[in-house]
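Worksheet for the structure shown next.
The values are calculated or read from the model by the stated rules, or taken from the named source; none is laboratory data. The model shown is predicted, which means the values in this text are computed figures rather than measured ones. Backbone-built Cβ (ideal geometry, glycine too); neighbour counts: all protein chains shown. All accessible areas refer to the heavy atoms of the entire protein, side chains included, with ligands and DNA or RNA removed. Shrake-Rupley method; radii C 1.70, N 1.55, O 1.52, S 1.80 Å.
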Amino acid sequence: MAAPATPAPLALELRGISKAFGPVQANKDISISVRPGTIHGIIGENGAGKSTLMSILYGFYKADSGEIYIRGQKTSIPDSQAAIAAGIGMVFQHFKLVENFTVLENIILGAEDGALLRPSLAKARKELKQLATEYELNVDPDAMIEDLSVGHQQRVEILKALYRQAEILILDEPTGVLTPSEADQLFRILDRLRTEGKTIILITHKLREIMEYTDTVSVMRRGQMTATVKTAETTPEGLAELMVGRKVLLRVDKKPAQPGAEILKIQNLRVIDESGVERVKGIDLTVRAGEIVGIAGVAGNGQSELLEVLGGFQDATGSVQVNGQELPLTGAGSDGQARRAAGIAHVPEDRQKEGLIMEFAAWENSVFGYHHEPEYQNGILMDNKGILTKAADQMERFDVRPPHPHLAAKNFSGGNQQKIVVAREIERNPDVLLIGQPTRGVDIGAIEFIHQQIMNLRDQGKAILLVSVELEEVLSLADRVAVMFDGQIMGERQASETDEKELGLMMAGVSGAQKEAI
Amino acid sequence: MGKMPLWADAILVPLISLLLAAFFSALVILGIGESPVEAFTLMVDGALKRSAGWGYTLYYTTNFIFTGLAVAVAFHARLFNIGGEGQAMIGGVGVALVCLYIPWPHWSLAIVGASIAAALFGAAWAFIPAYLQAKRGSHIVITTIMFNYIAFSVLGYLLVEVLRPTGQMDPASASFPEATHLPNFHEMFAPEGSRMFRGAPANVTFFLSLLACVFVWVLIWKTRLGYDIRSFGFSETAAKYAGISPVRITVIAMLISGALAGMMSVNTTLGESERLILNSTEGAGFVGIAVALMGRNHPIGILMAALLFGFLAQGGAELALWTDIPRELIVVIQALVILFTGALDNMVRMPLEKLFLTLGRKENA
């Protein structure tokens, strides 16, 4: 493909990389070539082998076979030090920053020049200034990491790589934690880096990002590179099919909603957290039967606390009614089990920290939160056999892969973990379903499936409250959208009568009324 | 992911770790100018060859099973109960009170009463640190350690000022009535006139400790409460999501833990000394931590680890008796065992895992 007359060597070339973990072939004969000054996307479902490939490139794993060429030089990368020396920088999905260090301290961490910090810090400060102007990467060098927004923390990670002279920057699912505007800023920075001649490898499962920002894209499926194409010459549908191996429905099949009686009624809800900060400042919200109400908003504007109150693990004041029954918001009868008894099921925002016990087997997780129900007891013991049988059946029906109930939750991919949670909550046939970030870190095939399950539940006349930071998801699933900003609801819109632009403004704190006034 | 077969994980890894510990122990023994081979033979002879040796080994094993289980139950709720020693001491007070003040007609009733009292007293002693942890966030490691010292002082006071019969010199209670005497192994198993198990302290409480193993296994893996405890231990946030009360589980897990530690005193106080004495726990509460660590908080593992530590305790006593090797050396050997089986476990495990991976791949190829 490459013209022989190309003067600059390839920034990066992988030839025939293979890596197996026991019987699992994570990477199989993978070859890529990336030109300098381009953004190269790598897309694939969870478990397709993207992360393994990048870990090999960054020296975390050693390939069983294959060769790595950097700027035309054959290079061996036994550890991350060697990767850094070869000019490779990595921005992980979960940042590797010390929370209670300043930006500057984090940047020199591991790259100090000597036993005394002062000279290194001074040098870093100077260089940081230069990088900031060169790439528009502005971060206060003396700010504490814990005080920075997620978007800024990510910039620190990028700065860390640039400070170590990275020429090739690998970003693993960089927008998973960002708001739409933060994501836009990130891509502006990446664009700038590209113009300055840096090479960027973008790992993502979001087709939109691939289509909008990359020059070339490689698709991985089941450890193999199924295609490498110029982005301009492909379509989202085509990429999705290459990823999943079958045709995928990218849009949710949504019939018009037929809202019935008010099921969930929230009035003047207020939440004050442990440090005394008011997180939710008097919310009124109603969800009817057969309706999905979506909460849009930048993460950290009170949506999580709202879900936690309704799910029974956060105290609050105000009033919440389900089917006309007042729910206690503090003290006895306000815990998760009481909420479940009241007909509320909850797919929490963070499946790994809340929704699942990662060390438990899938079958044990299949009753998590419902394990006190009489149907799972056998005298004084738990009916483990019965639970196991039901779990195996449920995993089959919800297409959890692999369908092995004895496998620990941590051994499933993100999408399949989410299916385990969704299956558990939906199968209880609740009156109200709370669902937070239903598809965060979930691959396309599973997104389609989970969205369809939510839609089915709506069509059975259930009340669904959806919280997602993916505006696209809220718009495509919800019938009604409420935007939260700073603990308040800025306004409600019919999903069919609004768009990302209007919601984006409301998410930034411009209220509906103000906008109409303008 | 390729995995090691279960037998390698459960048996081969600890075995290799043990051999390593034995090797380094041998070096230490060489270093103080004794013969490791002789020392080892002596330990095996003293602890395992003769029935009386077994009678001591199993006596210690019984103690370690109780304290090991105590640590394990708490640990499943991610609570580090270092207070087994104190809980066992106070459990002993419970045993002494019911045995001295209730006229038991038969030992079979006495052991039930003593077990209940030991469990209640041990649990009560664990309750205060548990409550402080659950409600006030006082770290349970600190409070349980402190409570060991308090227990020791309380025990001293009770023995000197309250329970000591007038005119007696040593700080100990009166002997328990004859009817509470628990059958020891000699009485239970030795044929008429045989010397089997004679003079050894192992008694019927050993079987009680085996029952406790079964109880803990059922509790942790078969009941709702066990499910709650493990959930809470793995993830407090997830437990809250599921409606499991952290306060409730912290307190309950510690109560059970304290009860198990307390029940050790049935073996020492009722089974062996037959009166309450000052230092009947002999550090078993602390050995329980090592036992739970080595046994991976599973009753079967704890049983095996307790046997090993029982062997070390008895073999060590023999060493001190017959050689110039000080008894403290046994603590060194125990420490090496803990170091290799617990802290340095991955040193053995990881190369082995790799070995099995490559072997597995060759078979597949």
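In a simple Cβ point-charge model (Lys, Arg +1; Asp, Glu -1; nothing else charged), segment B:61-300 has a dipole of about 900 debye relative to its Cα centre.
3J(HN,Hα) along segment B:340-346: 7, 7, x, 5, 9, 3, 5 Hz, from the Karplus curve 6.51 cos²θ - 1.76 cosθ + 1.60 with θ = phi - 60°, whole Hz, x for Gly and Pro. Across segment A:12-244, Cα pairs under 8 Å and at least six residues apart give a relative contact order of 30 percent. Shape class of segment B:1-147 from the alpha-carbon gyration tensor: oblate, with a/c at 1.5 or above and b/c at least as large as a/b.
Taking a straight line from the alpha carbon of residue A:255, these aspartates and glutamates sit under 13 Å away, with near neighbours fewer than eight places off in the same chain left out: A:291, A:459, A:479. Take segment A:38-105 with all the other protein chains still there, run a 1.4 Å probe, and you get 44 Å² of accessible area per residue. By the scheme Lys and Arg +1, Asp and Glu -1, what is the net charge of all other residues having a beta-carbon under 13 Å from that of residue A:124? Charge balance in the 13 Å sphere: +2. With all protein chains in place and a 1.4 Å probe, the accessible surface of the protein assembly as shown carries 58 percent carbon and sulfur.
Only Lys, Arg, Asp and Glu carry charge here, each on its Cβ (+1 for the first two, -1 for the last two); on that basis the protein assembly as shown has a dipole of about 1280 debye about its Cα centre. Entry note, chain B: the mean residue ellipticity at 222 nm calculated from DSSP H runs of n ≥ 4, each adding -39500 (n - 2.57), is -22000 deg cm²/dmol after division by the residues and rounding to the nearest 500. The protection proxy used here, the mean number of other Cβ atoms lying within 10 Å of each residue, ranks peptides B:80-89, A:229-238, B:244-253 as follows, highest first: B:80-89, B:244-253, A:229-238. Please report the net charge: other residues with Cβ closer than 12 Å to the Cβ of residue B:107, K and R +1, D and E -1. Neighbourhood net charge equals -3. Taking every DSSP beta bridge that has both ends in segment A:12-244, the antiparallel portion is near 55%.
Would you compute, from DSSP H runs of 4+ residues alone, the mean residue ellipticity of chain A at 222 nm, taking -39500 (n - 2.57) per run and dividing by the full residue count, rounded to the nearest 500? For chain A, the value works out to -9500 deg cm²/dmol.
Normalised by residue number, the volume inside the convex hull of the Cα atoms of segment A:198-249 is 81 Å³ per residue. Mean separation of Cα pairs under 8 Å and 6 or more residues apart, divided by the residue count, gives chain A a relative contact order of 15 percent. Taking amide H as placed 1.01 Å from N in the peptide plane, residue A:382 has its amide H under 5 Å from the amide H of B:223, B:224, each at least 5 places away in sequence or on another chain. Working note: Debye formula, equal point scatterers on the alpha-carbon atoms of chain A, no solvent; log10 I(q)/I(0) at q = 0.07 Å⁻¹ is -0.44.
The three principal axes of the C-alpha atoms in the protein assembly as shown carry coordinate ranges of 98, 70, 55 Å, sorted with the longest axis first.
For segment B:10-65, chymotrypsin sites (Phe, Trp or Tyr not before Pro) meeting the loop criterion (DSSP other than H, G, I, E, B) and having at most 10 other Cβ atoms within 10 Å: none. How high is the FRET efficiency from residue A:359 to residue B:169, r the C-beta distance, R0 45 Å, rounded to 0.05? E between residue A:359 and residue B:169, to the nearest 0.05, is 0.25. Backbone phi angles across segment A:194-210, fed through the Karplus curve with coefficients 6.51, -1.76 and 1.60 (θ = phi - 60°), yield HN-Hα couplings of 5, 4, 7, x, 6, 10, 10, 10, 10, 9, 7, 10, 8, 4, 4, 5, 4 Hz in residue order; Gly and Pro are listed as x. Residues whose amide H lies under 5 Å from that of residue A:170, counting only those 5 or more places away or on a different chain, are A:89, A:90, A:91, A:201; hydrogens are built 1.01 Å from N in the peptide plane. Given the pairs A:419/B:222; A:206/A:230; A:123/A:160; A:410/A:462, which are separated by over 23 angstrom at their Cα positions? Correct reply: A:419/B:222; A:410/A:462.
Here segment A:12-244 is treated as an ellipsoid with the same Cα gyration tensor; its semi-axes, largest first and in whole Å, are 30, 21, 16.
Mean per-residue shielding of peptide A:342-349 is 1, counting Cβ atoms of other chains within 10 Å of each Cβ.
Apply the a/c threshold of 1.5 to the C-alpha gyration tensor of chain B and tell me whether it is rounded, prolate or oblate. Oblate, because a/c is 1.5 or more while a/b does not exceed b/c. Averaged over peptide B:228-239, the number of partner chain Cβ atoms lying within 10 Å of each residue's Cβ comes to 5. Across segment B:108-115, computed HN-Hα scalar couplings (Karplus, 6.51 cos²θ - 1.76 cosθ + 1.60, θ = phi - 60°) run 5, 7, 4, 5, 5, x, 5, 4 Hz from first to last residue, x flagging Gly and Pro.
Once you have a ≥ b ≥ c as the square roots of the Cα gyration tensor eigenvalues for segment B:161-245, tell me rounded if a/c is under 1.5, and otherwise prolate or oblate according to whether a/b is larger than b/c. Because a/c hits 1.5 or more and a/b fails to exceed b/c, segment B:161-245 counts as oblate. For residue A:220, the residues 5 or more places off, or on other chains, whose built amide H falls under 5 Å of its own are A:43, A:44, A:226.
Can you tally the net charge around residue B:133? Count Lys and Arg as +1, Asp and Glu as -1, for every other residue whose Cβ sits under 15 Å from the Cβ of residue B:133. In short, +3.
Based on Cα contacts under 8 Å between residues 6+ apart, segment A:394-518 shows a relative contact order of 16 percent.
Shielding by partners for peptide B:214-225, expressed as the average number of C-beta atoms from other protein chains within 10 Å of each residue's C-beta, is 2. What is the distance in Å between the Cα centroid of segment A:30-106 and that of segment A:361-379? Measuring centre to centre over Cα atoms gives 42 Å.
Candidate cross-link partners of residue A:74 among the aspartates and glutamates, defined by an alpha-carbon separation under 13 Å and a same-chain spacing of 8 or more, comprise A:13.
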